[in-house]
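Engineer: Before we start, here is the structure in question, set down as structure tokens.
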Amino acid sequence: MRYSTRRLSPLTAILVSLVLLMAACNGDSDTDDTDDDNGGSAQSTDDTVGVGEVFISGSSTVEPISSLVADMLSDVNSDIEVTVDGPGTGDGFKLFCEGEADISDASRQIKASEKEACLENGINNIIELKVGIDGIAVMTGSDNTAVDCLTFEHLFDLIGPNGQGTKTWVEASSDLPDETLTIFGPGEESGTFDSFVEIVLEGLAEEAGVETTTRTDYNPSENDNVILRGIQSSTTSLGWLGFAFAVNAQDVKLLSIDGGEGCIAPTPETIASNEYPISRDLWIYVNADKAAANPAVAAYVDFYTTEGLAEATSEVGYVELTPEDQAQTQSRWQNRTTIG
């Protein structure tokens, strides 16, 4: 998926071009086609930095940022072809750890089991880069006047395993309305699913001594548009999606959430400050070996961690990193700092 954006300013274009030129100069080999120590011919390094293909897979939440960065980069370097796919964070890590994807978009951090899968396939050098902040919006139909705020306990009763089989809001929790309950949300391969379970359900599930997951009799989808249409289809529906995707949607009502300190509405300000209790960081994971071998990958991430952090994240509706977090992301990339 590609997202269009405005053209870069002349000054920005010049600066980016200079960055790419400097990278090209630093990456050139000083050796010509001379014999190596084994008597063979050493390969000449004629590759031009910033020419080639990049494949990115993973989170549908992070996909709009990565796609917009690709479009912005094409304004200054049309020789890089970037493909961005958004099947879900889990599926993206599978491709990444099988060596098929250069970069993995993620709306949660990589799991220990996923890191182990990467190691088993010889992918030993992974760079973890924070690129933005998002909140998870909990929604109902726009005409649902009976519900304005839900607590974590409400969400656990409605969406957690104890809600299995309940068909009305009041069946799940006695202080909720006696209205039909139809639930729509991401499937298990989605980072949004994982984040929601971790932030909202995990602690309460442990207290209740039940499995840390959702009920199984809801309507899951990996497609955000399908989830949104489901929520729009009923006045008393319930569902959850990334805030940036939900905030401008028609015919839905974003609910305030009480995580223990009162009802907080999801806004860019409350998400950035972590006042809104269902907030989460957004990430990209880079195969450092592929970045070293493929100049296009390195050029794309160079651009992502500069122009992308400054503009793309906010332009698609997410919350920008603080200056300190931006500096940390840029430092981790520049120093090629890998995760342990």
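The values are calculated or read from the model by the stated rules, or taken from the named source; none is laboratory data. This one's a predicted model, so the numbers in the text were calculated from it and none came from an experiment. Virtual Cβ from ideal backbone geometry, glycine too; neighbours counted across all protein chains shown. Accessible surface areas use protein heavy atoms only, side chains included; no ligands, DNA or RNA. Shrake-Rupley method; radii C 1.70, N 1.55, O 1.52, S 1.80 Å.
Engineer: Quick one: Karplus J couplings for the stretch 169-178, per residue in order, coefficients 6.51, -1.76, 1.60, θ = phi - 60°, nearest Hz, x for Gly and Pro?
Structural biologist: 4, 5, 4, 6, 8, 5, 9, 9, x, 8
Engineer: Mark the label point 7 Å from the Cα of E198 along Cα→Cβ and return the residues of the stretch 121-146 whose backbone N is within less than 19 Å of it.
Structural biologist: Residues passing the 19 Å test: 126-138.
Engineer: Shape call for the chain from the C-alpha gyration tensor, a ≥ b ≥ c root eigenvalues: rounded (a/c under 1.5), prolate (a/b greater than b/c) or oblate?
Structural biologist: Since a/c reaches 1.5 and a/b is larger than b/c, the shape of the chain is classed as prolate.
Engineer: Right, something else. Expressed as a whole number of Å, what is the distance separating the alpha-carbon centroids of the stretch 132-173 and the stretch 242-299?
Structural biologist: Taking the Cα centre of the stretch 132-173 as reference, the centre of the stretch 242-299 is 20 Å away.
Engineer: Once the piece of chain linking V210 and D178 is laid out straight, how much longer is it, given 0.36 nm per residue of separation minus the C-alpha distance between them?
Structural biologist: Taking 0.36 nm per residue and subtracting the Cα distance, the gain is 8.9 nm.
Engineer: How big is the Cα convex hull of the stretch 134-279 in projection, averaged over all directions, in nm²?
Structural biologist: Directional mean of the projected Cα hull area for the stretch 134-279 stands at 7.7 nm².
Engineer: Follow-up. How about K167: which lysines have a C-alpha closer than 25 Å to its C-alpha, ignoring those fewer than 8 places off in the same chain?
Structural biologist: K253
Engineer: Another question about this same structure. How much length, in nm to one decimal, is gained on full extension between D79 and N219, taken as 0.36 nm per residue of separation minus their Cα-Cα distance?
Structural biologist: 46.2 nm
Engineer: Right, next: How many nm is it between the label spots at S233 and D71, if each spot is 7 Å from the Cα in line with the beta carbon?
Structural biologist: 2.9 nm
Engineer: Cross-link candidates for K130: which lysines have Cα within less than 21 Å, leaving aside residues fewer than 8 places away along the same chain?
Structural biologist: Answer for K130, where 21 Å is the Cα cut-off: K94, K111, K115, K290, listed by chain and number.
Engineer: In Å², and per residue, what accessible area does the stretch 134-279 have when probed at 1.4 Å with the other protein chains present?
Structural biologist: 43 Å²
Engineer: Among 282-289, 164-171, what's the highest-first ranking by average C-beta atoms within 10 angstrom per residue?
Structural biologist: With the highest mean Cβ count within 10 Å placed first, the list reads 282-289, 164-171.
Engineer: Can you list which of the DSSP-assigned H helices in the chain have a Cα extent of 15 Å or more along the long axis and an average Kyte-Doolittle score of at least 1.6?
Structural biologist: Helices meeting the criterion: 10-27.
Engineer: What is the P(r) of the stretch 51-188, as percent of Cα-Cα pairs per 10 Å bin from 0?
Structural biologist: 10, 30, 23, 21, 13, 3, 0
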